[in-house]
Every structure is written in C-alpha cells, then in structure tokens.
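Colleague: Starting off with a structure, shown below.
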Amino acid sequence: MQSIPGEGVLPAPPVFRMPIDPRDIAICTSAGEAAPDDFGSMAPPIVQTSLFSLPTFRELLDALADEDDHYVYTRGQNPTVAHVERQLAALERGDRCKCFGSGMAAISAVLMGLLESGDHVLFINQIYGPTLQLANHLQRFGITHDVTYDRSIESIASAVKENTRLVWMESPSTMLFRMLDVPAVAALASERGLVSVMDNTWSTPLFQKPIEVGVDIVVHSLTKYVGGHSDVVAGAVITSARLMEQIFYRAFMLNGGILGPFDAWLLARGIRTLPIRLERHQSNALAVAEFLSQHASVRRVFHPALDPEDRDLAASQLAGYSGLLSFELATDEFAAVADFIDGLKMFRIGVSWGGFESLVVSPNRGDNGDSLAAQGIPPGLVRLSVGLEDADQLKKDLAQALS
Ligand SMILES: *Cc1c(COP(=O)(O)O)cnc(C)c1O
C-alpha cells in the first residue's frame, strides 16, 4: 500500500478481472443435447457400455472406418464422454476435444501422436514435473528436448533447433506462476512451422483461451478445477480437426488411456458450477495473496496479479486468476517449512489442487535442493490451493501458523 501525506493510505489497486464471458456461462450451464430416449432427464445419461451394436454388418464396417465420428466401442467414442468433449471444445473455441483418463494420458497422446524419432521438443517456463519425466522417457525413442526458463522471445527463438517440432508452454507456470508472452510464442512457432502446445490447467478455459491467440493445441488436467470436487482424475486435448485426427488414431485409440462414462458424468457435474466456483477461488486467493504479501515472515508471493514483473502481461492475457499460488517463507530450512505446513489447520496437506478444499504442499522434500535451484525454485517455497472456504478464516489460519 502507498501512503500519500495528508491523505492516509491508498487502497491496493483493484485486481479483480473482467466478469466471466456470458457465452461460457451458457455453455457450462446448458443441459446439452437430449438423447432421443433419455426421458427428458436434466443430467446427461451415463451410457455405461463397452460397445455399440449397429443394425447391419455393412453399417458396422462404415462406422469402423470412421471411428472418431461414430459410436462403435467405448475405447473410441462414448456419448457421455462426447457430451463433455463438446462443452470443452466450445469453451476453448477449438474444433475438436478428446477426453482422457488423466491429464498425463492427454499429454502422452499429444507427444506420442505427433512426434517422430529424431524430433526435438522445446519446453518453455517451469513445467509440470511428470511432463518432463515423460519427455525423459521419450529419449529412449530418439525424441530429445530442452527446457528454457528464460522467457524473453529472443532467447526462446534462439533455443529453437533445426529438428524442433513442438514448443510446449505453461503460462502461468508450475510452482512460480510466471507469465509468458503467449501470442508471441505462438507467432514464433507458426513462423518456424512448429506445433505450439499450452498446458492450460491453471487458467481453465474460462480465464485463458490459447487457441484464440494462435496456439495449436491445448491440454488440460480436468482433475483440477474442471472436476473441482476432488473425486475424478481426467484430462483433455483440444485442437483442430487435422491435428486431432492424428492424435486420435496414432495415440488415443492405441494408448487406450480413455475416460470412463461415469467419470465423464462427474466432469459434466463439475462444469455446471465452474464459473461460480472460479469466481470464489479467485477472490479468496487474491485475499490470501495480499495478506501474505504484507506479512513479515513472507519473503515473496508468487501470484500473477501481484508479481511486479508479470502483472501487465497477466492483465492483458488472463480474464481472471484461479486459486493456486505460492509464497516464499523467510527461511531456507526444510524443518521450518515442514513445521509451518504442519501448523496449518484449515489447509489439508496433500498433492493435486483445484478442488473445493484448501490444500498446502511444498516442492522442498529436504533432499532435493540442487534440483530446486536448477528450476529457480527457492527452498522456502510453499504452495497453496485456495479453496471455497471463508477467506477471513483462511487468513487467520495462515496468521497463526506463521507466528
Ligand atoms: C495435475 C497436472 C497435470 C497432470 O494431470 P493428471 O490428471 O494428474 O494426470 C498436468 N499439468 C498440470 C499443470 C497439472 O497440474
């Protein structure tokens, strides 16, 4: 806060973002297309079947030849899953969406569906750990990669190699929530003939639409906000019909990491309340972030709206802020980080994020200092997933644990 002589303390600048797009609210709250025999049920039917029988053998053969557009076998298409896929494609303003049994299954399908031996992938910004572990495994198949934490477009351009085929970004990034100039990276990729991919899990399709600014493929872990109730693991890919065809036949059908109809039904339930939940996650997380940024035991808060370096980029690229943030305790000691986490009462200790409940975790495991330093992550870092509870109670809990 700034103080002007004679005028007292100025309030912090307003960081609330624009209201959620009414078109998106309509998509989330629509009941979808009614099936002919669904009795007018408001919730989509759970079509719990492994296969679909067709009237004639010739019709089965025709359907099999075009399995991405026909119900033949639930490892390909299923009506309950397709209901969620239509909603997600519409929210991301993409042609096609395919849902998967996890975010990692979606990520695997993009990399395995599009890359050949000899190709190179450039990862930009702090990237979700298992995505990089998968990239390490792909070296066995002759696919190499680099990671760049330098976010200037010049240094990203100079990290592109002759055999680079794909650029993979997270903005805001994992753990530190640093922004990238997404339209600039997408333009660079298209100039060089590369496929660009955004892991859009943090923002959800409501707060960022990468396809609208030129990104080719969006992936999601739907386990986080889209599910939102900490009861389903799922993922999605949204892209053009052309790229989806390749991903569908070369990876989705063959890797077999499908989403089951019941889990799709849980996602459909989560999507109905996504706009209203995100508004609450946003306001709660901003209240917590502002509280932490003024606390003497906190060195720095990592939230795109509060980062002086990233604030402008965030304001121009994000329509809102979700509830995942981190902060650096004024300590480098693992024991102090662990004691702080154990001292919290409302924040449950656990991995994952994006559910109704507040969660806390730290990337510091006590024995991984070198790896954290290589990623630019301070040892005192604590990550919060701010849930739907009362913001004042959450701040009180943080205050007692910090003292
Ligand atoms: C959780 C997560 C994933 C992986 O999703 P799963 O559903 O756990 O497989 C991918 N990217 C990001 C940014 C995530 O947070």
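The values are calculated or read from the model by the stated rules, or taken from the named source; none is laboratory data. Keep in mind that this is a model prediction, so the values were computed, not measured. Quick reminder, even Gly has a Cβ in these numbers, built from the backbone with ideal geometry, and neighbours come from all protein chains shown.
Colleague: For residues in the range 216-239 being under 15 Å from THR131 (Cβ atoms) and of a type outside the set (A, V, I, L, M, F, W, C), which is farthest from the ligand (Cβ to nearest atom)?
Modeller: Applying the filter and picking the extreme gives HIS220.
Colleague: Kindly provide the set of residues from the range 94-125 that are more than 15 Å from the ligand (Cβ to nearest atom) and either among the polar types (S, T, N, Q) or on the phi > 0 side of the Ramachandran plot (or both), ordered by number.
Modeller: SER117, GLY118 - these are the residues of the range 94-125 that are more than 15 Å from the ligand (Cβ to nearest atom) and either among the polar types (S, T, N, Q) or on the phi > 0 side of the Ramachandran plot (or both).
Colleague: Okay, moving on. Of everything in the range 126-156 that's among the β-branched types (Val, Ile, Thr) and either farther than 14 Å from LEU115 by Cα or part of a loop (DSSP other than H, G, I, E, B) (or both), which residue is farthest from the ligand (Cβ to nearest atom)?
Modeller: ILE153
Colleague: Can I ask one more? Just to check your reading of the model, which residue among GLY354, GLY343, GLY350 is free of Cβ contacts under 8 Å to residues at least 60 places away in the same chain and within 23 Å of LEU274 (Cβ to Cβ)?
Modeller: Only one candidate qualifies: GLY350.
Colleague: Could you list all residues from the range 190-205 that are within 16 Å of the ligand (Cβ to nearest atom) and either outside the structural domain of ALA26 (by TED's automatic domain parsing) or not small (Gly, Ala, Ser) (or both)?
Modeller: VAL197, MET198, ASP199, ASN200, THR201, TRP202, THR204, PRO205
Colleague: Continuing with this model, one more query. Taking only pairs six or more apart or across chains, which ones have beta-carbon atoms under 6 Å, a first residue in the range 42-61 that is of a type in the set (S, T, N, Q), and a second residue that is not in a loop (DSSP other than H, G, I, E, B)?
Modeller: From the range 42-61, the pairs are GLN48/PRO261.
Colleague: Tell me, please, whether a residue that is more than 16 Å from the ligand (Cβ to nearest atom) and either among the small types (Gly, Ala, Ser) or part of a loop (DSSP other than H, G, I, E, B) (or both) can be found in the range 168-181.
Modeller: yes
Colleague: Do the conditions hold for ALA159, that is, is it within 16 Å of the ligand (Cβ to nearest atom) and in the same structural domain as SER240 (by TED's automatic domain parsing)?
Modeller: It is false that ALA159 is within 16 Å of the ligand (Cβ to nearest atom) and in the same structural domain as SER240 (by TED's automatic domain parsing).
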